[in-house]
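Down below is the structure, laid out as structure tokens.
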Amino acid sequence: MKLLRKLKKLFGVYRQLSKIEKTLVHSSLEALKKNDRYKDNKSLIPYGYKIYSQNDEDGIIQEIFDRIGTTNKFFVEFGIGNGLENNTYALLFDGWRGLWIEGSNSAVNNIREGLKETINNDLLAVTNAFITKDNINNLISASVKNKEIDLLSIDIDGNDIHIFNHITCINPRVVIIEYNSKFAPPIKYCRKYEGTHIWEHDDNYGASLKHLELEFSKKGYNLVACNITGSNAFFIREDLTDDKFQKPYSAETHYEPARHHLSGFASGHESTFNTLEDSVK
């Protein structure tokens with residue numbers, strides 16, 4: 001009984017420390033947003049918030065489409081993890097439809113079990129596959145018939161830009177892609193392509209923001225923002241940017257350093273598939 005009481009006490013302490021940590025993280029993020037460099041009225045940083053994204057991407061996505069509008073409200077995202085923390089899950093609550101591609105068998109099985117109504121109502125297609133530059137177009141084309149889609153999100157911890165450069169079956173208006181924020185501009189770093197690459201949780205992954213800026217410009221995209229934790233970069237087709245976003249559209253303007261200690265912060269109570277499923281029924 002003494003041991004049980006001690007364990008309960010330790011668990012109570014842990015929960016209290018966890019609450020304090022979440023509060024400190026939230027306070028740190030809000031303080032960062034008040035930095036003078038974000039006072040440009042076209043900056044996207046002040047609009048960031050989290051619903052189901054890993055960081056503040058949900059709010060930035062909302063603001064981007066508030067400015068440029070939507071067409072078919074269709075997304076493609078690959079590297080979606082467990083399905084409850086990615087860049088497009090929140091969009092399903094707002095009338096969007098899309099495709100998820102994920103390499104983890106167990107994650108896909110859990111998603112298919114947890115989102116039966118969503119999938120059965122053709123709001124979401126889920127494909128279980130390990131993505132390479134050779135199969136990406138077939139994987140997308142099997143579920144996506146429209147050439148133009150509103151959003152593409154890429155987070156596969158390594159070959160991201162190589163895969164993007166091989167996509168020809170769709171023409172996304174907005175692209176979100178992970179960048180290696182260890183390398184500030186003007187450094188142009190890019191990991192070589194390796195079809196079987198799996199991230200080892202080291203710094204040998206992805207590409208620097210400057211490299212991405214230059215590669216995306218070749219395909220007609222402008223860099224309009226990075227999220228505040230230095231995880232994802234946001235690109236918009238240059239025919240849509242007009243004068244709606246902070247210029248210049250360069251890595252030097254929009255680079256955010258690695259603040260991964262502030263990543264993955266909580267947003268309300270624990271996430272569950274049931275919340276979306278109940279809204280579909």
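Over the residues of the chain, the helix contribution to mean residue ellipticity at 222 nm works out to -10000 deg cm²/dmol, using -39500 (n - 2.57) for each DSSP H run of at least 4. Within the accessible area of the chain, the carbon and sulfur atoms contribute 51%, probe 1.4 Å, all protein chains present. What share of the DSSP beta bridges in the chain is antiparallel, in percent to the nearest 5? Percentage antiparallel, nearest 5: 35. With all protein chains kept in place, the per residue accessible area of segment 195-238 amounts to 36 square angstrom at a probe of 1.4 angstrom.
Restricting the count to DSSP beta bridges whose residues both fall in segment 101-224, what percent are antiparallel, rounded to a multiple of 5? All intermediate terms of the calculation are to be shown ahead of the outcome.
On the way: 1 of 9 bridges.
About 10 percent, rounded to the nearest 5.
Send over a whole-number figure in Å² for the accessible area per residue of segment 16-133, probe 1.4 Å.
Details: 5590 Å² over 118 residues.
That works out to 47 Å² per residue.
In segment 33-124, Cα pairs under 8 Å separated by at least six residues give a relative contact order of 23 percent. Using C-alpha pairs under 8 Å with a sequence gap of at least 6, the mean separation divided by the residue count of segment 177-281 gives a relative contact order of 28 percent. Would segment 239-281 count as rounded, prolate or oblate if I go by the C-alpha gyration tensor, calling it rounded below 1.5 in a/c and otherwise prolate when a/b exceeds b/c, oblate otherwise? Oblate is the answer for segment 239-281, as a/c is 1.5 or above yet b/c matches or exceeds a/b.
The values are calculated or read from the model by the stated rules, or taken from the named source; none is laboratory data. Source: prediction; values computed, not measured. For accessibility, only protein heavy atoms count, side chains too; no ligands or nucleic acids. Shrake-Rupley method; radii C 1.70, N 1.55, O 1.52, S 1.80 Å.
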